[in-house]
Amino acid sequence: MINSSAFQGKKAAFFTLGCKLNFSETSTFARLLAEWGVTPVKEGETADLCLINTCSVTDVADHKCRQAIHRMVRKHPGAFVVVTGCYAQLAPEKVSQIEGVDLVLGTNEKAQLLDFLSQKWSGERKQASLHEHHTVATKDIRSFVPSCSRGNRTRFFLKVQDGCDYFCTYCTIPYARGFSRSPSIDSLVSQARLAASEGGKEIVITGVNIGDFGKHTGERFVDLVRQLDQVEGIERYRISSLEPDLISDELIAFCAQSRAFMPHFHIPLQSGADEVLRLMHRRYDTALFKRKVELIKTLIPDAFIGVDVIVGMRGETPEHFQQSYDFLQSLDISQLHVFPYSERPGTTALRIPLVVEEKEKKRRSAALLKLSEEKTRSFYERWIGREAEVLFEKASRGKAMHGFTRNYIRVELPAEAARPELDNQLVVVKMAGFNHDATALMATIKEELYG
């Protein structure tokens, strides 16, 4: 049983690395702790608890995790340091041996965070033994930690699914997160209603492999989308990422006429060369991907489409990369998220003999990033001079405000026009040219359109 008095007056510091799902989960941890009396640490204070939620998608991510842990330990001497997340699940021994780390919780065990803290702070649990960690094998990861929080952000992030059954040859996520699992539609709709009651207007749907929602419960993702669309008060939904083979034509057609699902899709391609897709053990080919993009653009012409691509995968020859580049160039997409291939221990990609040199990976990355800039700029330029509805986000005093249109165009309101009452408000603006660093379109508000 949790000893509530043990939490009173405690202060916590949080640090998150990685994906939107991690940020959502950290925000949920902070919210749960706040309900038990734990407050976020203020600048200059020393925390009683440090929680680091880690990522392990690349070796660079692993390095950043270790740096973050060392930094938190130095900044908060004497704090009880807990490390969780993907890196904690995949390398618990290594993480637990970092000086200052008291407890490592794997994917299955992070749901028990409050129990561990209660034991620690109530004196039931002595100082954690050296190198203590709690993780289980991938096959035994069963827990689903609900999450619908916004932290210090405007949007809420609703976790609808966790884990992955795909086991792509380059990826460690199934080992870190376990097999695919999801809660019921009813429970998620309840969380969305609660977000609306707290003033939320936009929800980002997050998960590891969202399209697999309901795979083991008999429910379907498209039915979840239909139910969420009916939640009063939520004006916007965005789907963080969907595998191309799991984007049904039925889902695209529904989003095209939906009240609240935005014309915004994020679809991982990973390679535009079919032979590389086979090496990756992806479950689609370029023909299917192209058909999905074309259907989206036919039904929703103004849709923003972001695409994930990995460059320098083992086995990716110069010819393969050129095929991938040409394929991406031919698509009516809006942005590329480019990731250099990273060797991950235990993955089957390590058996592929052809290794791409780091210098060549950087060259290929640079080429695709340039293509992405061209496509994003072209997409934005179509909207110069047009009006659109923007959801504005809170800005620091004296700073410009930013927000996004329905189709994910970033908009900037100059500091002199920004005002606190615009935060989390849907406002119609007229978009002009690019801002100083070409990351947004400048906006003006018609006073008659804003009461």
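Taking just the C-alpha trace of the range 374-451, give me its Rg and Dmax in Å.
11.6, 37
Once you order the gyration tensor axes a ≥ b ≥ c over the Cα atoms, which shape class does the range 60-170 get: rounded for a/c under 1.5, otherwise prolate or oblate by comparing a/b with b/c?
Rounded shape, in that the Cα axes give a/c under 1.5.
In debye, nearest 20: dipole of the chain around its Cα centre with unit charges on the Cβ of K, R (+) and D, E (-)?
620
Multiplying the sequence separation of SER4 and ALA432 by 0.36 nm and subtracting their Cα-Cα distance, what value in nm do you get?
Once the chain is fully extended between SER4 and ALA432, it gains 148.7 nm.
So which cysteines of the chain have no other cysteine's Cβ under 4.7 Å from theirs?
Lacking a cysteine Cβ partner under 4.7 Å: CYS19, CYS50, CYS55, CYS65, CYS86, CYS148, CYS164, CYS255.
Could you pull out every one of the aspartates and glutamates with an alpha carbon less than 13 Å from that of LYS394, ignoring same-chain neighbours closer than 8 positions?
Excluding near neighbours in sequence, the set is GLU412, GLU421, ASP423.
Rank GLY199, THR84, GLN97 by how far each Cα sits towards the positive end of the charge dipole of the range 76-223 (+1 on Lys, Arg Cβ; -1 on Asp, Glu Cβ) and give me just the farthest.
It is GLY199, whose Cα lies furthest towards the positive end.
For the range 78-209, what is the charge dipole size about the Cα centre, in debye to the nearest 20, if Lys and Arg each add +1 at the Cβ and Asp and Glu each add -1 at the Cβ?
340
Please report the antiparallel percentage of DSSP beta bridges with both residues in the chain, rounded to the nearest 5.
Around 35 percent antiparallel, to the nearest 5.
Which whole-number percent gives the relative contact order of the chain, counting Cα pairs below 8 Å spaced six or more residues apart?
Over the chain, the number comes to 10 percent.
How large is the dipole of the range 301-443 about the Cα centre if only Lys and Arg carry +1 and Asp and Glu carry -1, each at its Cβ, rounded to the nearest 20 debye?
260
Using a 1.4 Å probe and counting only protein heavy atoms, arrange THR46, THR135, THR54 so the residue with the most accessible area comes first.
THR46, THR135, THR54
Using +1 at the Cβ of each Lys and Arg and -1 at the Cβ of each Asp and Glu in the chain, identify which of THR16, SER372, ASN209 lies farthest towards the dipole's positive end.
The one lying farthest along the dipole's positive direction is THR16.
How high is the relative contact order of the range 152-258, in percent, with contacts defined as C-alpha pairs under 8 Å that are six or more residues apart?
Computed value for the range 152-258: 30 percent relative contact order.
Taking every pair of distinct Cα atoms and averaging 1/r, then inverting, what Kirkwood hydrodynamic radius in Å comes out for the chain?
Kirkwood hydrodynamic radius for the chain: 23.5 Å.
Residues with amide H under 5 Å of THR347's amide H, sequence separation 5 or more or different chain, H placed in the peptide plane at 1.01 Å from N; which?
Excluding prolines and chain starts, which carry no amide H, there are no hits.
Does the range 232-326 come out rounded, prolate or oblate by the C-alpha gyration tensor, with a ≥ b ≥ c the root eigenvalues, rounded set by a/c under 1.5 and, if not, prolate when a/b is larger than b/c and oblate if not?
Prolate is the answer for the range 232-326, as a/c is 1.5 or above and a/b outweighs b/c.
Among the helices of the chain (complete DSSP H runs), which have Cα atoms covering no less than 15 Å along the helix axis and a Kyte-Doolittle mean of at least 0.0?
Long hydrophobic helices here: 185-197, 286-299.
What whole-number value in cubic angstrom gives the convex hull volume per residue for the C-alpha atoms of the range 155-297?
102
To two decimal places, what compactness ratio does the range 1-75 give when its Cα radius of gyration is scaled by 2.2 N^0.38 Å?
1.19
If you count only protein heavy atoms with a 1.4 Å probe, what accessible area per residue comes out for the chain, rounded to a whole Å²?
44
Considering only LEU251, GLY44, ILE310, whose Cα is most displaced toward the positive end of the charge dipole of the chain, charges sitting on Cβ of Lys, Arg (+1) and Asp, Glu (-1)?
Most positive-ward Cα: GLY44.
At 1.4 Å probe size, with the rest of the protein present, what percent of the exposed accessible area of the range 235-362 is carbon and sulfur atoms?
Roughly 53 percent of what the probe reaches on the range 235-362 is carbon or sulfur.
Take the Cα radius of gyration of the range 301-442 and divide it by 2.2 N^0.38 Å, with N its residue count; two decimals is plenty.
1.34
The values are calculated or read from the model by the stated rules, or taken from the named source; none is laboratory data. Predicted model, so just to flag it, every value in this text is computed and none were measured. Here Cβ is always computed from backbone atoms with ideal geometry, including for glycine, and neighbour counts include all displayed protein chains. Just the protein is used for accessible areas: all its heavy atoms, side chains included, with ligands, DNA and RNA removed. Shrake-Rupley method; radii C 1.70, N 1.55, O 1.52, S 1.80 Å.
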